[in-house]
Amino acid sequence: MEFMKLHLPDIIEWDNDTLSDVYGKMTVTALERGFGRTLGTALRRVMLSSLEGAAPVSVSIKGAEHEFSVLNGVLEDVPDIILNVKSLAVRYSGDETVCLTLKADKPGIYTAASFECDEGVTVANPDLVIAEITEESGELDITIDVERGKGFVTQDEWYNSSKGREIGTILVDSWFCPVKKVNFEVESARVGDRTDFDRLNIEVTTDGSISPSDAIENSTKILMRHFEMILGIGLEEPVTEIEEPSEDTVAEEETPAVEETLAEDVDLADTDLSKRYIKILSAGGIATINQLAAKTAEELLELRNFGAASLDVVRELLETYGRSVAI
């Protein structure tokens, strides 16, 4: 199927004057009419719902058996400390539960920078105030369990998954999404004499555990993965069970077949390659095994709708015919 040529954006840039670890504004222009809202809505939805992050799951505080306790010599009560803990922005990419610990027995204000973290864990907002010891008799002994996840998980959901059953363990609502806010607006843009194009301005605010540019990049990858699945690129070809030939059969048949394949060209339509891949290659002027083997990996990846997964399929096909992608 042929499509009228669509105008693709020629400017995609960040506002370097305002770009930071927690805020960024990106402009994409010029887009065909309607594509500004299409891209903005899709990216916003994914950033606010599907990005993974790390967050506190439970808190244990020495001297507090439940979340309504009061600590002697500490300015904040336990509910206030819990609220501060829930605001922690944590960088962690592992799969196991990790811990943050804070132990103090001297008067002073203690922030997130006071936590001792397990390996691979860092706190992105070290200036966050956790609690203040106001008296010599005051003491803070806090242990926080941190996990990596997606979306929002309530205390009840954690409890139903058998967490927090120990006395003194206080479960917290966990908001894993590292993106706090996403806004976008669509303006008119000019291309030549036409003024009906779109300019997309998208603003991203994160908690500091991920940069705005990484948030955009990861969201785009999630969308691309879904689109690839729709196209069939990410779908594995069904594997049928084939009876293994005997050694005599291999000795008699395999060698002549390979020699015949190398001697003559084969149309892609006569191979086991799926019709979708045949269409993609045909659009690039590739119709036979010899033409396919003459292409380099870089040339194949430049074809429309041809990705890394497609390249693996092509390499497997060429191997069955004793060929390989050109270097």
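A short reminder: the numbers here are calculations on the coordinates, not readings from a lab. These figures come from a predicted structure and were not determined experimentally. Because the Cβ atoms are built from the backbone with ideal geometry, glycine has one as well, and the counts that use them run over all protein chains shown.
Numbers for the structure displayed
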{"quantity": "Long-range HN-HN contacts of residue 63 with modeled amide H, under 5 Å", "calculated": "none"}
{"quantity": "Simple Cβ-charge dipole of the chain, Lys/Arg +1 and Asp/Glu -1, about Cα centre, in debye nearest 20", "calculated": "1860"}
{"quantity": "Contour excess over end-to-end distance, with Cα ends at residue 7 and residue 271 and 0.36 nm allotted per residue", "calculated": "91.4 nm"}
{"quantity": "Rule-of-thumb Rg ratio for the chain [Cα; 2.2 N^0.38 Å; N residues]", "calculated": "1.45"}
{"quantity": "Sites matching GluC sites (Glu not before Pro) across region 139-231 that sit in DSSP coil, with at most 10 neighbouring C-beta atoms within 10 Å", "calculated": "166"}
{"quantity": "Distance from region 301-327 to region 129-193 (C-alpha centre basis), Å", "calculated": "44"}
{"quantity": "Whole-Hz ³J(HN,Hα) from phi, Karplus 6.51 cos²θ - 1.76 cosθ + 1.60, for region 186-191, glycine and proline x", "calculated": "10, 10, 7, 9, 10, 10"}
{"quantity": "Relative contact order, percent, region 59-149 [alpha-carbon distance under 8 Å, six or more residues apart]", "calculated": "40"}
{"quantity": "Loop trypsin sites (Lys or Arg not before Pro), region 22-61, which have at most 16 other Cβ atoms in a 10 Å radius of their Cβ (DSSP)", "calculated": "33"}
{"quantity": "Normalised contact order of region 120-197, rounded percent, pairs of Cα under 8 Å and 6 or more residues apart", "calculated": "20"}
{"quantity": "Under 15 Å, Cβ to Cβ, from residue 166 - net charge with Lys/Arg +1 and Asp/Glu -1", "calculated": "0"}
{"quantity": "Calculated FRET efficiency for the pair residue 80/residue 52, C-beta based, R₀ 25 Å, to 0.05", "calculated": "0.30"}
{"quantity": "Rounded to the nearest 20 debye, dipole of region 53-175 from Cβ charges on Lys, Arg, Asp, Glu", "calculated": "360"}
{"quantity": "Simple label model, 7 Å out from Cα along Cβ direction - residue 304 to residue 225, nm", "calculated": "2.7"}
{"quantity": "Simple spin-label estimate for residue 173 and residue 326 in nanometres, 7 Å along Cα-Cβ", "calculated": "6.1"}
{"quantity": "Protection proxy ranking, peptides 78-86, 46-54, average beta carbon neighbours within 10 Å, highest first", "calculated": "46-54, 78-86"}
